[in-house]
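One structure is given here, and the rest of the page talks about it.
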Amino acid sequence: MASVFTILFAGLSAAQSFAAEVNVYSGRQEALIKPLLDKFTAQTGVKVNLVTGKADALISRAASEGEFSQVDLLVMADAGRLVRAKNMRLTQAIGLDLPALSSSFIDEEKHWVALTTRARTVMYKKGSDVVLPESMLALADKKYAGQICVRSSSNIYNQSMTAAMMLDKGDEVTSKWAKGIAENMARKPKGGDRDQIKAMIAGECQFAIANTYYLGGMLTSSDESQREIAEQVAIAWTPKSEGGTHINISGVSIAKHAPNKAAAEQLLTFMLAEEQQAWYAEVNQEYPVIDGVNWSKTLERLGRFDAQSVNFNDMGRLNGDALKLMDKAGWQ
Amino acid sequence: MNGFNWIKIFAVIFASILILPLFSVLFSVFSPDLDTWQHLIDTVLVDYITNSVVLALGSATGAILLGTTTGYVMANYQFAAKAILQIVLLLPLAMPAYIIAYTYTGLMDFGSPLHQLIRDVFSLPSTVSVLPDIRHLSGAVVMMSLVLYPYVYLLSYAAFKSQPDALQNVSTLAGKSSLSHIFNVALPMARPAILTGGALVMMEALADYGTVAYFGVNTFSAGIYRTWFGMGNREVAAQLASALCLFVFLVLILEKYSRKDARRYVNNLANKKTTREVTGKGLVFIWLLCLLPPLFGFFIPSIQLLYWAVFTSEADTQGFSNLLGNTLYLSALAAFIIVALALMFSYVARMTSANHFSRLNQLLSLGYALPGLVIAVGVISISGWADRQFNMFTISWFDFRPGLIISGSITILLFAYSVRYLSVALQNTENGFARISLQTDAAALNLNPSRWHLLSRIHLPLLRPSILSAMLLVFVDVLKELPATLVLRPFNFNTLAVRAYELASDERLIDAALPAIAIVGVGLLPVCLLIYQLERRST
Amino acid sequence: MLTIQNLNLGYDNKTVLRIDDLQLNKGDIGCVLGPSGSGKSSFLHVVSGINSPMSGSIHLNQRIVFDAEVNVPASDRAVGMVFQDLCLFPHMTVAQNVAYGLHSIVKAARDSRIEEVLSLVELSDFASRFPYELSGGQQQRVAIARALAPRPEILLMDEPFSSLDPSLREQLASDLRVLLKKLGITALIVTHDQQEAFAMADKIAVFADGKCQQWGSAYDLYHTPVNQDVATFIGEGTFLKGQVVEKDGNLYISTALAELNTQEVTTANTIDARETPKLSIGETVSVLVRPDDILHRDKSAHKATVVNRQFRGAHIMYTLAISNGDEVLCLAPSHHDHQIGEAFGISLDVQHLIYF
């Protein structure tokens, strides 16, 4: 009887699992993960099946597939989604000895582990005679009225940054800060991070808030006009004394009902290996989570910085509250 | 039980399945999260609503302006190389709104060659921005109008074409100017067709996410994503989607209401339509007038995309044929299945005198206005539930665990497309059936009582043009579809739209150019076929 | 009122229709009769000014509206027109339709004029209805009201009854005549149905073979057609071959049924402008035989066989084969009931001798 069913549904159903396979749902887009997976397959002979997409939609998909889901590994582009997947009980504790990572990069219950970090900073034009803010917080000061370019509050990076600030400085300070930023905006939020950088160089504003890897991407772009713009950009890091520069992580979890758990663990270990860590830095200008891994030339050029210390679980949990806070502050 | 009753039963079953995802979204209203709603009402809801209303009305107005003008000119004048314009005017159908939005942003970008050129010409310093920024609400309205006007053009062209010369003669004898005739007679008589086109445009604009997200316009559908992704609140997102449904329902009711006295607009006039020959200055004017919409809606963005794809992009072309194959396979399969479903539904609606089935068809059309992602989530929860139930059944009875059967398969993707695009196909098949007189049926049934025979020997041949245009429109829509494909696709399955979106969303516009221009290229073939079909039908 | 001279209609310098001379008096109703494609509608369009002829002249009410120098635009010719499919604006009410041509007068005058014309066509209660809510006959009256509202000097109607139920046409045609006569309106009406034309017209033009063949009263057309085409087109009838012979100094036409004295019976020919063709002895001519010219005479030596019969109530129309094989029509009182194949005696009694 069973075989009849197997034959009947083989044609219709999704890829069946075989021993040497691992299935990945990735909130990171294909270009930023596929090369690694191909390399993994080449080295180990384990086939990797991939679906990329909106992180929350993939989480919903895994949730509705439940115990029959074929997914083994969840790759998420930010802490909020890692926490969301964990809270929806879609993940399991990683039963591996993980390499030496800063404790904040691993979930207390080992339900997720970070792969890379990204920094979000204030940028300005080299050689301009602006008064540099001493921190991200200081950018809300009235003296920066009409000088800031930043994207919409719909964006996860802004939500994470605000959530992290809520943890660090409390709701009241953060709320005031968000209002200040909204009032200081040179224009209505639009476009992505690169657009903010371009607008800043174009003179629409004096400061842009953007992730460093976008600047790195522009510096290494094949488009000359992008490189030209990026060359004119300088970064104002928030020093340790002011709480450090905001960082977010991308990370990975093993699915609760992973049918190929062993292979998933193998892939996870592979991704955290030094060589792969360096690849992220090289290809997408993200910072490795493992100490001692070489940064790319571009990252070195942007400079070393002090990262904020933040509990990513808490930050992820506060994501929705952070958005509501920005809504109230009038940050569109 | 005869064959016709079977097909009725099938129709009911399929309709219930197709309606499930919609209901799973609508049912969310029974578990309201009052706190979050209060927050939304206090902060952003008014924005969502006003932006959506402005976007929908603005896009409809823009599309009506472009579509009606070109439709009138093409229906009433004869001029040199008109056949070329006939094709060219429909080309923007192949251009997805989000891609035109990315392209114009890149084209008018601060650092773009065009921008640099203008600065060089006027010898301005390289820090000056001269081109307007299009990333705001009015920019979104322009983008939408540019790619959606063909819907209005197609419908208004047909309407104007059916107005005989004699109507114009009545006006001439009454001493009315041409302009007065257009505004007092031609336009009012074409009003139902124009408004139907406008309603389609409004639905498209309301469902759009790609363009508004990129332009930072907080519309209702942007709000749905924001609430879900940002706040992690799927229920409220679904409730917002239900509210959007309500809004669309309103649009549909208004559109129906505007056709309340549809008979007022039916003219039983013998269609003697001659087109006026235009030469000289008039010819140049007409050409410019009709060339402008496709120029901005198709040629300029296509050339920019081609330029990027050929000269600047370093996107890998590896696996590109695979990508192309997947896209074609999926679009063709979806077109076939959806049109088959639409045929079944409209056939049943025709064969039953009661109104239930035509109302059902209206309900099924609602999916068209929902953002693809909302449908995807509705579909995911249905398929997950079905798979779990099936597994539990097989495990308890046969100790067999088949795993996921429909979740993560092509089937589920086709299911989602059916929910979303059935409306497009239904419109064509229902129109097609409406053109076949019921007396034809009576005559055929009198000669051969088999309803299958009637369908296969009489209806299908007569419906051929409608079926073809339904298939082509669905094909082009699926080709461009993004959010549902992104979430529902099987492992290792990519399409052109997915690839273009991923690159563009990572702000790598230039690398996205190759898949984007490929979408446009693949879309051109069915659009040209559609034009050919339309021409044949009109002669 | 309306004078047409040497009018040539056509395109690309090819004449499609030629009208040498056509005059319609004030208050008269003229009908244009002809097979489809004979240029009837084009002629109306030319009179109205919608299209222009190639050459010739048109006078309307002593005013030149078209000749070699002048071409008055349609809107300034003061013609009203009722189109073939009526062409009511479906999205306007009856009153709005009627008001459409009344744009140049003040509102109060306009409203009273609408009321006036609607009461003329007996549609006062329907002013706020939409065309689709009216019957075919009512719609037609709206179309007439719309055309009459601006007080045109002449009313042109293109196949005014073609979209109506045939059983209604005859009644409507005579109603229309009564209405037009009551208002004293000059009208030119195009039709392909001679019964309609007979019911309405004071004068009828027959268009065929690219020209206006004849312009005259219904009586003239029936009894003194100018040529074989008109004779065939108007009314029913057949032609009998006959030979011209001389007897007692008179010319006779000798046919299979009778010898017809051209002197005695050609009186009819003289009432019209028709020139009687010169006859020469021995010549063969065709004589027009109307169904009422063949009388049912049991005693007659000429027996004819019934080929076909058509019951028409008071009369039966027989198609009969005579001795030489020719066929003639005979309209006999219906108490003379003969079946197909039967033979009965007939005689030829021609009141108006028409030969070609």
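The values are calculated or read from the model by the stated rules, or taken from the named source; none is laboratory data. All values reported here derive from a predicted model rather than from experimental measurement. All Cβ positions, glycine included, derive from the backbone under ideal geometry; neighbour counts span all protein chains shown. For accessibility, only protein heavy atoms count, side chains too; no ligands or nucleic acids. Shrake-Rupley method; radii C 1.70, N 1.55, O 1.52, S 1.80 Å.
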- Those residues of segment B:24-47 which are open to solvent by less than 80 Å² (accessible area, probe 1.4 Å) and within 21 Å of B:A369 (Cα to Cα), in sequence order: B:S24, B:V25, B:L26, B:S28, B:V29, B:L45, B:D47
- Task: Please go through segment C:76-91 and pick out each residue that is open to solvent by 20 Å² or more (accessible area, probe 1.4 Å) and over 28 Å from the mean Cα position of the chain (by Cα).
- Result: C:D76, C:H91
- Item | Residues of segment B:103-116 satisfying the condition of being out of contact with any Leu (no Cβ under 8 Å at 6 or more places or on another chain) and more than 12 Å from chain A (Cβ to nearest Cβ) | B:Y104
- Kindly provide the set of residues from segment A:68-107 that are away from every other protein chain (no Cβ under 14 Å), open to solvent by 10 Å² or more (accessible area, probe 1.4 Å) and modelled with pLDDT of 90 or more, ordered by number. A:R89, A:Q92, A:A93, A:F105, A:I106
- Those helices (runs of 4 or more DSSP H) lying entirely in segment B:312-431 with at least 1 residues within 10 Å of chain A (Cβ to nearest Cβ) and buried (at least 16 other Cβ atoms within 10 Å of the Cβ): B:372-398
- Note on the structure: Within segment B:482-510, residues within 21 Å of B:I303 (Cβ to Cβ), open to solvent by 20 Å² or more (accessible area, probe 1.4 Å) and more than 8 Å from every other protein chain (Cβ to nearest Cβ) come out as B:L509
- Collect the residues in segment B:160-173 that are open to solvent by less than 20 Å² (accessible area, probe 1.4 Å) and more than 7 Å from chain C (Cβ to nearest Cβ), keeping them in residue-number order. B:F160, B:Q163, B:P164, B:S171
- In segment C:292-346, how many are assigned to a loop (DSSP other than H, G, I, E, B), of a type in the set (D, E, K, R) and within 31 Å of the chain's Cα centre (by Cα)? 1
- touching a Lys or Arg at 6+ places or on another chain (Cβ under 9 Å), open to solvent by 10 Å² or more (accessible area, probe 1.4 Å) and within 14 Å of another protein chain (Cβ to nearest Cβ), is that true of B:L462? no
- Name, by its number, the condition in (1) small (G, A, S); (2) surrounded by fewer than 23 Cβ atoms within 10 Å (Cβ to Cβ); (3) touching a Lys or Arg at 6+ places or on another chain (Cβ under 6 Å) that does not hold for C:G30. (2)
- Item | Unique residue being at pLDDT below 80, of a type in the set (A, V, I, L, M, F, W, C) and surrounded by fewer than 17 Cβ atoms within 10 Å (Cβ to Cβ) when the list is C:V265, C:V307 | C:V265
- Task: Name the residue, out of B:S28, B:S52, B:S24, that is assigned to a helix (DSSP H, G or I), in contact with a Phe, Trp or Tyr (Cβ under 7 Å, 6 or more places away or on another chain) and closer than 20 Å to B:F249 by Cα.
- Result: B:S52
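Matching residues to (1) among the acidic types (D, E); (2) within 14 Å of another protein chain (Cβ to nearest Cβ):
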{"site": "A:V173", "(1), (2)": "no, no"}
{"site": "A:A178", "(1), (2)": "no, yes"}
{"site": "A:N184", "(1), (2)": "no, no"}
{"site": "A:D195", "(1), (2)": "yes, yes"}
{"site": "A:M218", "(1), (2)": "no, yes"}
{"site": "A:D223", "(1), (2)": "yes, yes"}
{"site": "A:E231", "(1), (2)": "yes, yes"}
{"site": "A:N248", "(1), (2)": "no, no"}
{"site": "A:S253", "(1), (2)": "no, no"}
